[in-house]
Each structure stands twice: as structure tokens, then as C-alpha cells.
Ligand SMILES: [Ca+2]
Ligand SMILES: [Ca+2]
């Protein structure tokens, strides 16, 4: 076990990460390992139906840490963690 190499994910168990991986794969409709804006809109529509569409782009940019227009699993995971610690 490594406890210092990846501090960002160290608070999560492998089980939790596997669960999030499942969600990620579910929303990654074309299975290319990244969630694009269209896939993200579908994700948010399911997670929080009240989300305004103009907030979606904002949220997307927030999660897309490196700004390449796609959410990869690492970015998705980091976002999940932030959500968790807020509640
Ligand atoms: Ca995709
Ligand atoms: Ca990205």
C-alpha cells in the first residue's frame, strides 16, 4: 500500500474508487475513457434534474481540471471527492 504517493485519492478505499469507476463508465457512453460535454449533460440531468443548462458548462469547466474539453477518470474522481467532503 502506498500512503504518500497519491494524497488526492488516499482517503478513498479501493471499493469506493471501484464504485466511482462504474459510474464513470456508465456515463462514458462511447467508452473512450473520457466524459465529453454531451455525456456530462446526461450525467447531470440524472444526478440533479434541476440543474440549469447554462450551469452545466460552468460545472464542466470546473471538473475539467486541465481544460482539454474532456473529463477523464482522475478529474471525475477528484470532483467526487470534493462533493463528498462538502456534505
Ligand atoms: Ca466518452
Ligand atoms: Ca480534462
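Read the figures in this text as sums done on the coordinates, not as results from a lab. What you are looking at is a predicted structure, and each value in this text was computed from that prediction instead of being measured.
Key figures for this structure:
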item	result
Rounded D (µm²/s) - the range 39-87, Kirkwood Rh over Cα pairs, Stokes-Einstein at 10 °C, 1.306 mPa s	141 µm²/s
Contact order normalised by residue count of the range 13-83, Cα under 8 Å, 6+ apart, percent	31 percent
Extension gain (nm, one decimal) between residue 48 and residue 82, 0.36 nm per residue minus Cα-Cα	10.6 nm
